[in-house]
Amino acid sequence: MKICIFGAGAIGGYMAVMLKRGGAEVSLIARGAHLGAIQQNGLRLVMEGEEIVERMPASSDPRDFGPQDYVIVGLKAHQAWEAAEQMIALLGPDTAVVTAQNGVPWWYFHGLGSQFADLRLESVDPGSRQWKIIGPERVIGATVYPATEITEPGVVRHIYGNQFGLGEPDRSDSERVKRLAAAMEASGLKPRFYDDIRNDVWIKLWGNLCFNPISALTGATLDVVATDPGTRTLARNMMLEAQAIGEKFGATFRVDVERRIDGAAGVGAHRTSMLQDVDKGRPIELDALLTSVQEMGRLAGIATPFIDSVLALAQQMGRVKGLYPTYPEGHPAAQRLAS
(Lines give C-alpha, C1' and ligand atoms only; values in the text may rest on other atoms or scores of the structure.)
Protein backbone atom coordinates (compact mmCIF):
# COMPACT_ATOMS: atom_id res chain seq x y z
CA MET A 1 0.00 0.00 0.00
CA LYS A 2 1.49 3.32 -1.11
CA ILE A 3 0.70 6.25 1.17
CA CYS A 4 1.99 9.78 0.78
CA ILE A 5 1.78 12.09 3.77
CA PHE A 6 1.33 15.54 2.27
CA GLY A 7 2.47 17.79 5.07
CA ALA A 8 4.68 15.72 7.36
CA GLY A 9 4.39 18.06 10.32
CA ALA A 10 3.47 17.05 13.86
CA ILE A 11 0.41 14.92 13.05
CA GLY A 12 1.58 13.90 9.58
CA GLY A 13 4.98 12.88 10.90
CA TYR A 14 3.45 10.82 13.69
CA MET A 15 1.18 9.02 11.24
CA ALA A 16 4.06 8.46 8.82
CA VAL A 17 6.29 6.72 11.35
CA MET A 18 3.46 4.58 12.67
CA LEU A 19 2.21 3.56 9.21
CA LYS A 20 5.74 2.74 8.06
CA ARG A 21 6.20 0.51 11.12
CA GLY A 22 2.92 -1.17 10.22
CA GLY A 23 4.20 -2.17 6.79
CA ALA A 24 2.94 0.58 4.48
CA GLU A 25 5.12 2.10 1.78
CA VAL A 26 5.22 5.70 3.00
CA SER A 27 6.58 8.84 1.36
CA LEU A 28 6.64 12.37 2.75
CA ILE A 29 6.05 15.87 1.44
CA ALA A 30 7.72 18.42 3.71
CA ARG A 31 9.76 21.58 3.42
CA GLY A 32 12.51 23.67 4.92
CA ALA A 33 14.75 22.57 7.75
CA HIS A 34 12.28 19.84 8.73
CA LEU A 35 12.63 18.25 5.28
CA GLY A 36 16.41 18.55 5.35
CA ALA A 37 16.63 16.83 8.72
CA ILE A 38 14.35 14.00 7.58
CA GLN A 39 16.39 13.46 4.44
CA GLN A 40 19.63 13.40 6.39
CA ASN A 41 18.70 11.58 9.60
CA GLY A 42 15.31 9.97 9.02
CA LEU A 43 12.09 10.96 10.76
CA ARG A 44 12.36 10.63 14.54
CA LEU A 45 9.31 10.01 16.73
CA VAL A 46 9.61 10.35 20.51
CA MET A 47 6.84 8.35 22.15
CA GLU A 48 6.50 7.01 25.68
CA GLY A 49 10.17 7.66 26.39
CA GLU A 50 11.29 5.76 23.30
CA GLU A 51 12.81 7.25 20.16
CA ILE A 52 11.78 5.60 16.92
CA VAL A 53 13.62 6.44 13.71
CA GLU A 54 12.20 5.60 10.30
CA ARG A 55 13.79 6.44 6.97
CA MET A 56 11.32 7.25 4.20
CA PRO A 57 11.54 9.01 0.85
CA ALA A 58 10.97 12.71 1.51
CA SER A 59 10.75 15.63 -0.88
CA SER A 60 9.16 19.04 -1.39
CA ASP A 61 8.09 17.95 -4.88
CA PRO A 62 5.22 15.43 -5.22
CA ARG A 63 6.39 14.62 -8.75
CA ASP A 64 9.20 12.62 -7.15
CA PHE A 65 6.70 9.98 -5.99
CA GLY A 66 3.94 9.63 -8.57
CA PRO A 67 0.44 8.19 -8.04
CA GLN A 68 -0.43 6.78 -4.62
CA ASP A 69 -3.13 4.57 -3.13
CA TYR A 70 -3.78 7.16 -0.42
CA VAL A 71 -2.74 10.77 0.07
CA ILE A 72 -3.13 11.89 3.68
CA VAL A 73 -3.25 15.67 3.81
CA GLY A 74 -1.68 16.86 7.05
CA LEU A 75 -1.60 20.54 6.16
CA LYS A 76 -3.78 23.19 7.74
CA ALA A 77 -6.87 24.10 5.75
CA HIS A 78 -5.47 27.24 4.13
CA GLN A 79 -2.22 25.46 3.28
CA ALA A 80 -4.12 22.57 1.70
CA TRP A 81 -5.99 25.06 -0.51
CA GLU A 82 -2.70 26.56 -1.66
CA ALA A 83 -1.16 23.13 -2.37
CA ALA A 84 -4.07 21.63 -4.31
CA GLU A 85 -2.37 21.78 -7.71
CA GLN A 86 0.76 20.12 -6.35
CA MET A 87 -1.29 17.09 -5.34
CA ILE A 88 -2.17 16.27 -8.95
CA ALA A 89 1.12 14.39 -9.38
CA LEU A 90 0.07 11.98 -6.61
CA LEU A 91 -3.37 11.21 -7.98
CA GLY A 92 -4.01 8.07 -9.98
CA PRO A 93 -7.42 6.80 -11.14
CA ASP A 94 -8.22 5.26 -7.74
CA THR A 95 -6.25 7.44 -5.34
CA ALA A 96 -8.12 8.39 -2.18
CA VAL A 97 -7.38 11.72 -0.48
CA VAL A 98 -7.74 11.73 3.30
CA THR A 99 -8.46 15.20 4.68
CA ALA A 100 -6.99 15.43 8.16
CA GLN A 101 -7.62 19.13 8.84
CA ASN A 102 -9.52 20.77 11.65
CA GLY A 103 -12.72 22.64 10.91
CA VAL A 104 -15.44 22.35 8.31
CA PRO A 105 -14.02 20.44 5.32
CA TRP A 106 -14.29 21.82 1.80
CA TRP A 107 -16.22 18.72 0.65
CA TYR A 108 -18.85 19.01 3.41
CA PHE A 109 -21.94 19.07 1.17
CA HIS A 110 -20.79 16.34 -1.23
CA GLY A 111 -23.13 13.38 -1.02
CA LEU A 112 -25.24 15.03 1.66
CA GLY A 113 -28.42 14.32 -0.29
CA SER A 114 -30.34 17.48 0.58
CA GLN A 115 -31.32 20.70 -1.14
CA PHE A 116 -27.76 21.81 -0.44
CA ALA A 117 -26.13 18.80 -2.13
CA ASP A 118 -22.74 19.65 -3.64
CA LEU A 119 -22.84 23.22 -2.36
CA ARG A 120 -19.36 24.78 -2.29
CA LEU A 121 -18.13 26.66 0.80
CA GLU A 122 -16.27 29.78 -0.26
CA SER A 123 -14.75 30.29 3.19
CA VAL A 124 -12.77 27.04 3.07
CA ASP A 125 -12.43 26.46 -0.68
CA PRO A 126 -12.42 29.85 -2.41
CA GLY A 127 -13.10 29.51 -6.10
CA SER A 128 -13.86 25.78 -5.58
CA ARG A 129 -10.19 25.10 -6.15
CA GLN A 130 -9.94 21.82 -4.25
CA TRP A 131 -13.35 20.72 -5.48
CA LYS A 132 -12.20 21.11 -9.08
CA ILE A 133 -8.60 19.88 -8.78
CA ILE A 134 -8.92 17.03 -6.28
CA GLY A 135 -12.61 16.24 -6.60
CA PRO A 136 -14.87 15.37 -3.65
CA GLU A 137 -15.36 11.81 -4.93
CA ARG A 138 -11.73 11.06 -3.96
CA VAL A 139 -12.19 12.18 -0.37
CA ILE A 140 -12.19 10.11 2.79
CA GLY A 141 -13.13 12.33 5.72
CA ALA A 142 -11.03 12.14 8.87
CA THR A 143 -10.94 13.55 12.37
CA VAL A 144 -7.68 13.66 14.29
CA TYR A 145 -7.38 13.34 18.07
CA PRO A 146 -3.70 12.70 18.96
CA ALA A 147 -1.64 15.56 20.38
CA THR A 148 1.83 15.88 18.87
CA GLU A 149 4.45 18.57 18.32
CA ILE A 150 7.63 19.16 16.36
CA THR A 151 10.37 19.71 18.94
CA GLU A 152 13.13 20.33 16.41
CA PRO A 153 13.55 19.77 12.67
CA GLY A 154 13.02 16.10 11.90
CA VAL A 155 11.75 15.25 15.39
CA VAL A 156 8.10 14.73 16.37
CA ARG A 157 7.02 14.20 19.97
CA HIS A 158 3.84 12.25 20.65
CA ILE A 159 2.04 13.67 23.70
CA TYR A 160 -1.12 11.58 23.91
CA GLY A 161 -3.82 9.82 21.91
CA ASN A 162 -3.93 7.55 18.87
CA GLN A 163 -7.57 7.79 17.79
CA PHE A 164 -8.85 8.88 14.39
CA GLY A 165 -12.31 9.07 12.85
CA LEU A 166 -12.85 7.91 9.27
CA GLY A 167 -15.84 8.02 6.97
CA GLU A 168 -17.05 8.48 3.42
CA PRO A 169 -18.81 11.76 2.58
CA ASP A 170 -21.59 9.76 0.89
CA ARG A 171 -21.96 7.59 4.04
CA SER A 172 -21.03 4.38 2.20
CA ASP A 173 -19.22 1.47 3.83
CA SER A 174 -16.42 1.40 1.27
CA GLU A 175 -13.59 -1.02 0.73
CA ARG A 176 -11.07 1.81 0.52
CA VAL A 177 -11.95 2.95 4.04
CA LYS A 178 -11.69 -0.64 5.30
CA ARG A 179 -8.24 -1.04 3.74
CA LEU A 180 -7.02 2.22 5.23
CA ALA A 181 -8.44 1.34 8.64
CA ALA A 182 -6.71 -2.04 8.50
CA ALA A 183 -3.37 -0.39 7.69
CA MET A 184 -3.82 2.04 10.57
CA GLU A 185 -4.74 -0.72 13.01
CA ALA A 186 -1.68 -2.72 11.95
CA SER A 187 0.47 0.29 12.83
CA GLY A 188 -0.94 0.83 16.33
CA LEU A 189 -3.30 3.65 15.42
CA LYS A 190 -6.98 3.41 16.37
CA PRO A 191 -9.36 4.34 13.56
CA ARG A 192 -13.11 4.46 14.15
CA PHE A 193 -15.51 4.27 11.23
CA TYR A 194 -18.49 6.64 11.26
CA ASP A 195 -21.60 6.17 9.14
CA ASP A 196 -21.57 9.95 8.81
CA ILE A 197 -18.14 11.43 9.54
CA ARG A 198 -19.73 14.89 9.67
CA ASN A 199 -21.10 14.13 13.14
CA ASP A 200 -17.58 13.63 14.44
CA VAL A 201 -16.35 16.67 12.53
CA TRP A 202 -18.92 18.73 14.46
CA ILE A 203 -17.99 17.25 17.85
CA LYS A 204 -14.37 18.26 17.38
CA LEU A 205 -15.21 21.56 15.69
CA TRP A 206 -17.68 22.39 18.46
CA GLY A 207 -14.86 23.12 20.87
CA ASN A 208 -12.34 24.44 18.37
CA LEU A 209 -14.65 27.15 17.02
CA CYS A 210 -14.95 28.82 20.43
CA PHE A 211 -11.96 27.77 22.56
CA ASN A 212 -9.36 28.57 19.89
CA PRO A 213 -10.36 32.17 19.10
CA ILE A 214 -11.27 33.04 22.69
CA SER A 215 -7.89 31.78 23.91
CA ALA A 216 -6.08 33.57 21.08
CA LEU A 217 -7.83 36.83 21.98
CA THR A 218 -7.32 36.57 25.73
CA GLY A 219 -4.10 34.58 26.07
CA ALA A 220 -5.87 32.21 28.47
CA THR A 221 -5.28 28.47 28.55
CA LEU A 222 -8.07 26.02 27.84
CA ASP A 223 -8.90 25.30 31.48
CA VAL A 224 -9.36 29.02 32.18
CA VAL A 225 -11.54 29.64 29.11
CA ALA A 226 -13.75 26.68 30.04
CA THR A 227 -14.18 27.58 33.72
CA ASP A 228 -14.16 31.38 33.94
CA PRO A 229 -17.87 32.32 34.14
CA GLY A 230 -17.67 34.95 31.41
CA THR A 231 -15.70 33.02 28.80
CA ARG A 232 -17.50 29.78 29.59
CA THR A 233 -20.84 31.50 28.92
CA LEU A 234 -19.52 32.98 25.70
CA ALA A 235 -18.22 29.61 24.54
CA ARG A 236 -21.52 27.95 25.43
CA ASN A 237 -23.50 30.49 23.40
CA MET A 238 -21.23 30.07 20.39
CA MET A 239 -21.60 26.29 20.64
CA LEU A 240 -25.38 26.52 20.81
CA GLU A 241 -25.42 28.61 17.65
CA ALA A 242 -23.15 26.08 15.95
CA GLN A 243 -25.29 23.17 17.12
CA ALA A 244 -28.37 24.74 15.57
CA ILE A 245 -26.50 25.06 12.28
CA GLY A 246 -25.16 21.51 12.35
CA GLU A 247 -28.57 20.07 13.13
CA LYS A 248 -30.14 22.14 10.35
CA PHE A 249 -27.88 20.28 7.92
CA GLY A 250 -28.60 16.86 9.45
CA ALA A 251 -25.81 16.43 11.98
CA THR A 252 -26.36 14.83 15.38
CA PHE A 253 -24.46 15.68 18.58
CA ARG A 254 -23.77 12.71 20.84
CA VAL A 255 -22.88 14.84 23.89
CA ASP A 256 -24.45 17.99 25.32
CA VAL A 257 -22.84 21.41 25.54
CA GLU A 258 -22.01 21.34 29.26
CA ARG A 259 -20.35 17.94 29.01
CA ARG A 260 -18.28 19.10 26.02
CA ILE A 261 -17.10 22.20 27.89
CA ASP A 262 -16.33 20.17 31.02
CA GLY A 263 -14.27 17.81 28.91
CA ALA A 264 -12.22 20.73 27.63
CA ALA A 265 -11.72 22.03 31.16
CA GLY A 266 -10.41 18.61 32.15
CA VAL A 267 -7.59 18.83 29.63
CA GLY A 268 -5.93 21.37 31.91
CA ALA A 269 -3.66 24.32 31.16
CA HIS A 270 -3.41 23.60 27.45
CA ARG A 271 -2.49 26.38 25.04
CA THR A 272 -4.78 25.97 22.05
CA SER A 273 -3.33 25.67 18.57
CA MET A 274 -4.52 29.16 17.62
CA LEU A 275 -2.96 30.68 20.72
CA GLN A 276 0.30 28.90 19.88
CA ASP A 277 0.14 30.25 16.33
CA VAL A 278 -0.36 33.80 17.61
CA ASP A 279 2.55 33.40 20.04
CA LYS A 280 4.81 32.18 17.23
CA GLY A 281 3.65 34.71 14.65
CA ARG A 282 2.09 32.09 12.37
CA PRO A 283 -1.08 32.56 10.27
CA ILE A 284 -4.17 31.65 12.27
CA GLU A 285 -6.53 28.93 11.04
CA LEU A 286 -9.67 31.02 11.46
CA ASP A 287 -11.68 30.42 8.29
CA ALA A 288 -12.02 26.65 8.62
CA LEU A 289 -12.83 26.86 12.33
CA LEU A 290 -15.21 29.82 12.43
CA THR A 291 -15.81 31.71 9.18
CA SER A 292 -17.11 28.46 7.67
CA VAL A 293 -19.66 28.09 10.47
CA GLN A 294 -20.79 31.68 9.96
CA GLU A 295 -21.17 30.98 6.22
CA MET A 296 -23.24 27.87 6.94
CA GLY A 297 -25.37 29.87 9.36
CA ARG A 298 -26.17 32.33 6.60
CA LEU A 299 -27.12 29.47 4.29
CA ALA A 300 -29.36 27.98 6.98
CA GLY A 301 -30.97 31.29 7.88
CA ILE A 302 -29.75 31.00 11.48
CA ALA A 303 -28.57 34.12 13.31
CA THR A 304 -25.12 33.84 14.90
CA PRO A 305 -24.52 37.02 16.93
CA PHE A 306 -22.00 35.43 19.31
CA ILE A 307 -20.04 33.74 16.53
CA ASP A 308 -20.13 36.95 14.49
CA SER A 309 -18.74 39.02 17.35
CA VAL A 310 -15.88 36.68 18.24
CA LEU A 311 -15.03 36.17 14.58
CA ALA A 312 -14.88 39.94 13.98
CA LEU A 313 -12.56 40.39 16.97
CA ALA A 314 -10.32 37.49 15.94
CA GLN A 315 -10.14 38.75 12.35
CA GLN A 316 -9.18 42.21 13.54
CA MET A 317 -6.57 40.84 15.92
CA GLY A 318 -5.16 38.67 13.13
CA ARG A 319 -4.95 41.56 10.69
CA VAL A 320 -3.26 43.85 13.22
CA LYS A 321 -0.64 41.17 13.88
CA GLY A 322 -0.28 40.27 10.20
CA LEU A 323 -1.61 36.75 10.76
CA TYR A 324 -4.91 37.00 8.85
CA PRO A 325 -6.07 36.66 6.14
CA THR A 326 -3.80 33.73 5.45
CA TYR A 327 -4.34 33.88 1.69
CA PRO A 328 -2.17 35.77 -0.82
CA GLU A 329 -3.27 38.94 -2.56
CA GLY A 330 -5.66 38.15 -5.40
CA HIS A 331 -6.92 35.00 -3.65
CA PRO A 332 -10.76 34.83 -3.74
CA ALA A 333 -10.93 34.80 0.07
CA ALA A 334 -8.74 37.90 0.31
CA GLN A 335 -11.04 39.64 -2.13
CA ARG A 336 -14.08 38.58 -0.07
CA LEU A 337 -12.54 39.88 3.14
CA ALA A 338 -11.70 43.22 1.54
CA SER A 339 -15.21 43.75 0.23
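Given the criteria surrounded by fewer than 22 Cβ atoms within 10 Å (Cβ to Cβ) and either within 11 Å of TRP107 (Cα to Cα) or without any contact (Cβ under 8 Å) to a residue 60 or more places away in the chain (or both), does ILE133 qualify?
Judged against the criteria, ILE133 is a match.
Considering GLY13, GLY23, GLY36, which residue is part of a loop (DSSP other than H, G, I, E, B) and modelled with pLDDT of 95 or more?
On the way: GLY13 fails: part of a loop (DSSP other than H, G, I, E, B); GLY36 fails: part of a loop (DSSP other than H, G, I, E, B).
Being part of a loop (DSSP other than H, G, I, E, B) and modelled with pLDDT of 95 or more holds for just one of GLY13, GLY23, GLY36, which is GLY23.
Please count how many residues of the stretch 250-271 are surrounded by 14 or more Cβ atoms within 10 Å (Cβ to Cβ), at pLDDT 90 or above and in contact with a helix residue (DSSP H, G or I) (Cβ under 7 Å, 6 or more places away or on another chain).
Qualifying residue count, the stretch 250-271: 7.
Does GLY23 count as over 21 Å from GLN276 (Cβ atoms) and surrounded by fewer than 16 Cβ atoms within 10 Å (Cβ to Cβ)?
yes
Can you pull out the residues in the stretch 39-60 that are part of a loop (DSSP other than H, G, I, E, B) and free of Cβ contacts under 8 Å to residues at least 24 places away in the same chain? Steps first, please.
Residues of the stretch 39-60 part of a loop (DSSP other than H, G, I, E, B): 42, 48-49, 55-57, 60.
Once the filter is applied, which keeps residues that are part of a loop (DSSP other than H, G, I, E, B) and free of Cβ contacts under 8 Å to residues at least 24 places away in the same chain, the stretch 39-60 yields GLY49, ARG55.
Take the conditions of a type in the set (A, V, I, L, M) and farther than 30 Å from ARG21 by Cα and apply them to VAL255. Does it pass?
Considered against the rule, which asks whether it is of a type in the set (A, V, I, L, M) and farther than 30 Å from ARG21 by Cα, VAL255 comes out as yes.
Tell me the helices (runs of 4 or more DSSP H) entirely within the stretch 165-276 that contain at least 1 residues that are outside the structural domain of ASP69 (by TED's automatic domain parsing) and out of contact with any Lys or Arg (no Cβ under 8 Å at 6 or more places or on another chain).
Counting at least 1 such residues, we get 197-218, 222-227, 229-248, 257-267.
If you scan the stretch 208-245, which residues turn out to be closer than 19 Å to GLN294 by Cα, surrounded by fewer than 23 Cβ atoms within 10 Å (Cβ to Cβ) and of a type in the set (Gly, Ala, Ser)?
The answer is ALA244, and nothing else.
The values are calculated or read from the model by the stated rules, or taken from the named source; none is laboratory data. If you're wondering where the values come from, they're calculated on a predicted model, not measured in any experiment. Cβ sites come from the backbone with ideal geometry, for glycine too, and all protein chains shown count toward neighbours.
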